[in-house]
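*Asks:* What follows is a structure written as structure tokens; I'll ask about it next.
The values are calculated or read from the model by the stated rules, or taken from the named source; none is laboratory data. On a predicted model such as this, the values are computed, not experimentally measured, just so you know. All Cβ positions, glycine included, derive from the backbone under ideal geometry; neighbour counts span all protein chains shown. Accessible surface areas use protein heavy atoms only, side chains included; no ligands, DNA or RNA. Shrake-Rupley method; radii C 1.70, N 1.55, O 1.52, S 1.80 Å.
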Amino acid sequence: MVLRTALATPRHAARTTAWGSGSAWRSHGLPGPAGRVIFLNFDGVLHPTSIEVEQERMETVIGVGLFGWLPVLDDALRPHPDVNVVVHSPWRRTRCDEELRLLLGSLGSRMVGSTPPDSCFEGIRNWLHSNPGVVSHRILDLDPPRKYPRPLPPELIVCNPTQGVAASDVLGALRTWLAR
């Protein structure tokens, strides 16, 4: 029900962002950006991408709707309250931060903002520059050849768009980082 409400909500004319200092979070009662952060794309990470689904056998992703792998990420993060989420998905261009929090369900309380509308990697770098309290981060994304410089950043965890965060190799890499 929350997902339908958030998807049906029209785009707000004024975006609420937290691109700058942590004061924006504190004024909204949200956790600050210190500690660890996951930069999160939605498509291909929290649910399959339609382009990739057409290329794969449909039964590999049948039953996985929008945000279908969100519970997997939620379970992995549950024992780690020090990890916050920053949205760097293209969804940030059409939804305000409050709507993105609703879409993230139980992970919405961990969302401390979204990256600026720069290119993907530049947006992440700019966000990190504006939030020096972040001691460690990971990027959950797909399709690195178009979005990231070579060599690929070591913080990048590449997701197969038909398995997303539910893939064993992705969960393994994420859990290794979380255990540190």
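*Asks:* Which one of ARG101, ARG92 is surrounded by 14 or more Cβ atoms within 10 Å (Cβ to Cβ), within 11 Å of the chain's Cα centre (by Cα), modelled with pLDDT under 95 and not in a loop (DSSP other than H, G, I, E, B)? Walk me through it before giving the result.
*Replies:* Numbers: ARG101 fails: modelled with pLDDT under 95.
Just one listed residue meets the conditions, ARG92.
*Asks:* Can you tell me which residue in the range 153-167 is nearest to the chain's Cα centre (by Cα), limited to those that are open to solvent by 60 Å² or more (accessible area, probe 1.4 Å) and under 22 Å from ARG36 (Cα atoms)?
*Replies:* The qualifying residue nearest to the chain's Cα centre (by Cα) is VAL158.
*Asks:* Using the structure shown, decide if LEU77 is at pLDDT 90 or above and within 11 Å of the chain's Cα centre (by Cα). Please lay out each step first, then the result.
*Replies:* Details: at pLDDT 90 or above: yes; within 11 Å of the chain's Cα centre (by Cα): no.
Criteria not met by LEU77.
*Asks:* The conditions are (1) open to solvent by 20 Å² or more (accessible area, probe 1.4 Å); (2) modelled with pLDDT under 95; (3) within 23 Å of GLN163 (Cβ to Cβ), and PHE67 fails exactly one of them. Which is it?
*Replies:* (1)
*Asks:* Being aliphatic (A, V, I, L, M) and touching a Cys at 6+ places or on another chain (Cβ under 9 Å): is that true of VAL134 here?
*Replies:* no
*Asks:* If you go through the range 131-152, how many residues are surrounded by fewer than 17 Cβ atoms within 10 Å (Cβ to Cβ) and among the polar types (S, T, N, Q)?
*Replies:* 1
*Asks:* I need the full set of residues from the range 130-180 which are hydroxyl-bearing (Ser, Thr, Tyr) and either in contact with a Lys or Arg (Cβ under 6 Å, 6 or more places away or on another chain) or outside any loop (DSSP other than H, G, I, E, B) (or both), in order please. Quick ask: steps written out before the conclusion?
*Replies:* Step one: of the range 130-180, the residues hydroxyl-bearing (Ser, Thr, Tyr) are 130, 136, 148, 162, 168, 176.
Matches in the range 130-180: SER130, SER136, SER168, THR176.
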